[in-house]
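Below is one structure, written out as structure tokens, with a few remarks after it.
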Protein chains: 4
Amino acid sequence: MLPKPLRGVVPPMVTPLVDNETLDVEGLERLVEHILGGHVHGLFLLGTTGEAPDLSYALRHELVKRVCRQVNGRVPVLVGVTDTVFPESLRLAQTAEKAGASAVVAAPPYYFATGQPELVEYYNHLASRLPLPLFLYNMPSHTKVMIDPYTVRTLSENPNIIGHKDSSANIVYFNTVRHLLREREDFSILMGPEEALGEVVLMGGDGGICGGANLFPQLFVDIYNAAVARDVETVRTLQERVMTISGALYGVGRHVSSFLKGVKCSLSLMGLCSDFMAEPFSRFREEERSIIRSRLVALGVKVVKE
Amino acid sequence: MLPKPLRGVVPPMVTPLVDNETLDVEGLERLVEHILGGHVHGLFLLGTTGEAPDLSYALRHELVKRVCRQVNGRVPVLVGVTDTVFPESLRLAQTAEKAGASAVVAAPPYYFATGQPELVEYYNHLASRLPLPLFLYNMPSHTKVMIDPYTVRTLSENPNIIGHKDSSANIVYFNTVRHLLREREDFSILMGPEEALGEVVLMGGDGGICGGANLFPQLFVDIYNAAVARDVETVRTLQERVMTISGALYGVGRHVSSFLKGVKCSLSLMGLCSDFMAEPFSRFREEERSIIRSRLVALGVKVVKE
Amino acid sequence: MLPKPLRGVVPPMVTPLVDNETLDVEGLERLVEHILGGHVHGLFLLGTTGEAPDLSYALRHELVKRVCRQVNGRVPVLVGVTDTVFPESLRLAQTAEKAGASAVVAAPPYYFATGQPELVEYYNHLASRLPLPLFLYNMPSHTKVMIDPYTVRTLSENPNIIGHKDSSANIVYFNTVRHLLREREDFSILMGPEEALGEVVLMGGDGGICGGANLFPQLFVDIYNAAVARDVETVRTLQERVMTISGALYGVGRHVSSFLKGVKCSLSLMGLCSDFMAEPFSRFREEERSIIRSRLVALGVKVVKE
Amino acid sequence: MLPKPLRGVVPPMVTPLVDNETLDVEGLERLVEHILGGHVHGLFLLGTTGEAPDLSYALRHELVKRVCRQVNGRVPVLVGVTDTVFPESLRLAQTAEKAGASAVVAAPPYYFATGQPELVEYYNHLASRLPLPLFLYNMPSHTKVMIDPYTVRTLSENPNIIGHKDSSANIVYFNTVRHLLREREDFSILMGPEEALGEVVLMGGDGGICGGANLFPQLFVDIYNAAVARDVETVRTLQERVMTISGALYGVGRHVSSFLKGVKCSLSLMGLCSDFMAEPFSRFREEERSIIRSRLVALGVKVVKE
């Protein structure tokens, strides 16, 4: 079921919430179909975009079960199990495996910063206990730790570690990881920031975990396909569209949470799901919402909600 | 039961573990008595030194119940409820309240970095839902966020927020918070790093959350008492002892986890409790353990375990 | 003489030194010819790779005069005037203008960190006093300050500011700057890290300031030309060569200075110029030098010096 | 002339400027007498507060000569020679020695970040070439490098390195350095931030480099003397006054430069010297100036200028 390496566009799905401990079930179902309708190559639950660290375990387990049931094998489902509590990562992975997910994804534990040897131990221990194959997840802005390219190479020798998602935005880091693993054709290396999807695929990268694909899944799939086909002109044109979206929707408001709030607010305006956010964030208030609304309209997006 | 402000030495207790999900119950009981035997002014469970973010909730709840029962009102118990999952903080606080704890302590959520306005919202929301009064906890090295002194002042106006623990080690920050709250005699401001306990109490600070008080509780209490009595000579002499301990036991090994590993290893050698550590850390191996052993001996500490 | 925008490969030239205050004149002459022999599109003196902040002003002025005389209009010369002392930046720019250089380049002053409004004031003031057009230079790892993309756009409205060099390695930043200035076809946006040259030119970027072009100028020119021609296959193949060079030569030794030391050591072994380095660095000792030597041989490079 | 160790209050003098390359000579003379009138124990020229890295060398040399002549042995003069250009540090030290200064002070070179072994080499090389004894200067917020406590201890073995100024504000760092050098009674360890002067002297530290002593030199000398006399009550009272000043004058405006701008603006309003600032900063405009004015009045300071 899971291609090796996994290639393409794997959206990190937003988690639609009614409140702190309740899924927006209808919104969730609409969102899943909306994303799959864009012909994506997989679905990534419970990443940073999914607000995973802020969600209760009960809700995380429920989400995994519901989405896997709904997806029903149409695409591989990846489940984020990043956690500071080791046994909770395992329990979530067990639920993922039972529900039919294809792999799990884990960033380093994010309270205590670890050294590289500790990371090697941690990931090898984790992989040895997991019922599903593991993607590493480099997210230094949130975890305070960069998974060194040589650490990635070391860990890639573990047969249960099958890929790496890099959200550092550091292109030297990304290209170094790709270079060090250039002979490992079965190991997937995926770019986090959607603003660089086109170019890394043109250069031979495997694909991207694009947050904006919650909103516009087909756009990112089109970029991926154009890049695989080496159609530079189309990649440029579509990637420019991504930059326009990014500039319009992800930078409203003062905080680093602007991206998440902008995506959730847009989804709400598009009629897909609730924009409730788990603590410590809260949804955009009317002032920011009206900015997002007018920008969506300017982008040609149909706004169906107030 | 809880003095306002809380003053004195409130050790951040280590969590004795048999394995990932099991308390070292006997070690825990010995450790609690060892610490209380030092005439400390309170006990802080589930802080950074307690490895709280790495422990399963079941274990955290069990720890709170066991220790509160054992302490049985001899000193106020503070319970760390720092978490990325808001409802889990609440649930732990409810257990703490039922078990007889006096207050809870919360650092900012530590996956997503928040701005100061978001922190104000977060803490006010949290305090409004808690069954116990709240101490703020500034720990920027782990949470990536400094709780600005003006944010502390704003939050201090919430009647359910009664104190602040600062582990930044930034003395300008600490003194600025104290200055901004100089008229709030009921608000407790406690220093994290034990290396500065004596001087901040001499200057009028309320006390400290000293990790080394797991090992040598009376030493820190003696420093506190000498500082309250303005006995500068004794403060200097005893604080020098703290620096010697810090240099001997907290810097073995390569990683930032050296402090935690050194304290747990020392407790094990002193026969108090297990040195098992939760992921992502692991206890010192024999090489480092033998260094700690000889340093304890040099400090005049009775080593009773291999 | 200076195309607008400047496009292509503009190597940041190493500064060959005999000692702290003396140029290796013969080495310098050889190095200039070696680089120009690679058909580069310009030459950048006194950047980070040129160790500019560590060189005395007398030496910087002499270098500019010598190299401009030698280049004699064959390519545009850009001169780094980054400095914490404003009048010294101006004096160096005056020398550059008299010597026939085409433009100057300035990173933010690097002792005091500045806010974005201060950066706007600083750059506008600087540009108003300069006798040559100015390139901005984003180098946050060394200056502690990111020139915000919106700051770049604001500054681009100054007619004397004609381009931007970004050495942040942050691909989202780079693409955002390009997007914000997409209508400014006369404004040059150049990538610092050579590990990303090919892809950014494929995507429409103007070129790169590639440190490795001191060693292998033609390689980077070939990548640039292939990318302009949208020959994805060649770009990939040659860029892989760059990664191999980067892995072999830039990471020997423990310090962040490994890149600079590796390039100077390689140049020395290739018989081009001295490897003396200004304080606070020192050249590789024999141990590291022998590693570089064998790696150059493995890369097929002719080593002519011991 | 220079006591070993140097103890007491050594104000880091502001550099009064008419413009970018011209000293405010009359203001300078008034400021020197104002500071010496406070019975300080030394005078530190060309530190961070002195905007040294932004001043041309001609101006730095002139300042050293003028001030040394004026001070004429009344107190030891320390001269900052921090620079990215090694020979310029030496030249400035030679001028300092000829002018009669007692010592020089050097932070790590601040463009390229160095590792600890490189710092040891750099400082030993520098000390071996200097005509005056050297104080180390830890200023990680500006230099990006922490001089490790063990590096300080290693360097303290160089007979020409006689002290350490720490501006990190990290109290654990400061106390660790003091502890490691506790047997070196001839080695001076001075605290940068004035907000912690009293307590570190109470604990046995040697004194402070207090920026606010440009404004209120006697206040800091009184704190120092009270702390030496172990008069805890007076130390607390006066240190509270420092916090009030700090809160009133150092935090106006948005930028990290608020401290420098506030001090210079206050000096101008007090009729002592010009508030011109070298690039990249500029003096407070009327809006901020009027805030400073009213706060000075509230502090009971005589404002003599508009």
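The values are calculated or read from the model by the stated rules, or taken from the named source; none is laboratory data. The model shown is predicted, which means the values in this text are computed figures rather than measured ones. Note that each Cβ is placed from the backbone with ideal geometry, even for glycine, and that neighbours are counted across all protein chains shown. Keep in mind that these areas ignore ligands, DNA and RNA; they rest on the heavy atoms of the full protein, side chains included. Shrake-Rupley method; radii C 1.70, N 1.55, O 1.52, S 1.80 Å.
Key figures
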{"quantity": "Residue check, residue B:178 under 24 Å from residue B:126 (Cα atoms) and either open to solvent by less than 10 Å² (accessible area, probe 1.4 Å) or assigned to a loop (DSSP other than H, G, I, E, B) (or both)", "calculated": "no"}
{"quantity": "Residue pairs meeting the criteria (Cβ under 6 Å; at least 6 apart or on separate chains; first more than 28 Å from residue C:198 (Cβ to Cβ) and away from every other protein chain (no Cβ under 14 Å), in region C:1-28; second charged (D, E, K, R) and assigned to a loop (DSSP other than H, G, I, E, B))", "calculated": "C:16/C:24"}
{"quantity": "Pair list, Cβ under 6 Å, 6 or more apart: region A:108-133 residue more than 7 Å from chain B (Cβ to nearest Cβ) and assigned to a helix (DSSP H, G or I), other residue charged (D, E, K, R) and open to solvent by 30 Å² or more (accessible area, probe 1.4 Å)", "calculated": "A:116/A:148"}
{"quantity": "Region A:35-62: number of residues that are within 14 Å of chain B (Cβ to nearest Cβ), in contact with a helix residue (DSSP H, G or I) (Cβ under 8 Å, 6 or more places away or on another chain) and over 18 Å from residue A:192 (Cα atoms)", "calculated": "6"}
{"quantity": "Tally, over region C:227-257, of residues that are more than 7 Å from every other protein chain (Cβ to nearest Cβ), among the hydrophobic types (A, V, I, L, M, F, W, C) and touching a Leu at 6+ places or on another chain (Cβ under 8 Å)", "calculated": "7"}
{"quantity": "Scope region D:240-284; condition of a type in the set (Gly, Ala, Ser), touching an Asp or Glu at 6+ places or on another chain (Cβ under 7 Å), part of a loop (DSSP other than H, G, I, E, B) and within 22 Å of residue D:33 (Cβ to Cβ); matching residues", "calculated": "D:274"}
{"quantity": "Residues within region B:75-86 that are within 15 Å of residue B:139 (Cα to Cα) and either open to solvent by less than 10 Å² (accessible area, probe 1.4 Å) or basic (Lys, Arg) (or both), tallied", "calculated": "4"}
{"quantity": "Test for residue B:90: is it touching a Lys or Arg at 6+ places or on another chain (Cβ under 7 Å), touching a residue at least 40 places away in the same chain (Cβ under 8 Å), within 11 Å of another protein chain (Cβ to nearest Cβ) and part of a helix (DSSP H, G or I)", "calculated": "yes"}
{"quantity": "Residue C:187, sole failed condition from (1) within 10 Å of another protein chain (Cβ to nearest Cβ); (2) touching a residue at least 60 places away in the same chain (Cβ under 8 Å); (3) more than 30 Å from residue D:88 (Cβ to Cβ)", "calculated": "(1)"}
{"quantity": "Index of the failed condition, residue D:80 passing every other in (1) on the phi > 0 side of the Ramachandran plot; (2) of a type outside the set (Lys, Arg); (3) within 14 Å of another protein chain (Cβ to nearest Cβ)", "calculated": "(1)"}
{"quantity": "Single condition residue C:201 does not satisfy, out of (1) out of contact with any Ser or Thr (no Cβ under 7 Å at 6 or more places or on another chain); (2) open to solvent by 10 Å² or more (accessible area, probe 1.4 Å)", "calculated": "(2)"}
{"quantity": "Any hit, region C:114-122, residues being modelled with pLDDT under 95, buried (at least 22 other Cβ atoms within 10 Å of the Cβ) and not acidic (Asp, Glu)", "calculated": "yes"}
{"quantity": "One residue from C:260, C:215 being under 19 Å from residue C:10 (Cβ atoms) and within 9 Å of another protein chain (Cβ to nearest Cβ)", "calculated": "C:260"}
{"quantity": "Cβ pairs under 7 Å, 6+ apart, first in region B:196-208 and more than 9 Å from chain D (Cβ to nearest Cβ), second charged (D, E, K, R) and open to solvent by 10 Å² or more (accessible area, probe 1.4 Å)", "calculated": "B:205/B:178; B:206/B:7; B:207/B:7"}
{"quantity": "Residue among D:144, D:165 that alone is in contact (Cβ under 8 Å) with a residue 24 or more places away in the chain and touching a Gly at 6+ places or on another chain (Cβ under 8 Å)", "calculated": "D:165"}
{"quantity": "Residues satisfying the stated conditions in region D:213-247, i.e. of a type in the set (Gly, Ala, Ser) and surrounded by 24 or more Cβ atoms within 10 Å (Cβ to Cβ)", "calculated": "D:213, D:227"}
{"quantity": "Counted residues, region A:250-300 - those being at pLDDT 95 or above, open to solvent by 20 Å² or more (accessible area, probe 1.4 Å) and β-branched (Val, Ile, Thr)", "calculated": "2"}
{"quantity": "Selection count where residues are open to solvent by less than 50 Å² (accessible area, probe 1.4 Å), farther than 16 Å from residue C:217 by Cβ and part of a helix (DSSP H, G or I), scope region C:28-74", "calculated": "10"}
{"quantity": "Residues within region A:163-175 that are open to solvent by 10 Å² or more (accessible area, probe 1.4 Å) and either at pLDDT below 95 or more than 9 Å from chain C (Cβ to nearest Cβ) (or both), tallied", "calculated": "2"}
{"quantity": "Scope region B:138-150; condition among the hydroxyl-bearing types (Ser, Thr, Tyr) and either surrounded by fewer than 21 Cβ atoms within 10 Å (Cβ to Cβ) or within 11 Å of chain D (Cβ to nearest Cβ) (or both); matching residues", "calculated": "B:141, B:150"}
{"quantity": "Check on residue A:156, touching a Phe, Trp or Tyr at 6+ places or on another chain (Cβ under 6 Å) and open to solvent by less than 20 Å² (accessible area, probe 1.4 Å)", "calculated": "yes"}
{"quantity": "Filtered residues of region D:80-98 (kept if within 16 Å of residue D:51 (Cα to Cα) and of a type in the set (Val, Ile, Thr))", "calculated": "D:81, D:82, D:84"}
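Yes or no, residue by residue, for (1) in contact with a Pro (Cβ under 9 Å, 6 or more places away or on another chain); (2) free of Cβ contacts under 8 Å to residues at least 24 places away in the same chain; (3) among the charged types (D, E, K, R):
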site	(1), (2), (3)
A:194	no, no, yes
A:211	yes, no, no
A:217	yes, no, no
A:237	no, yes, no
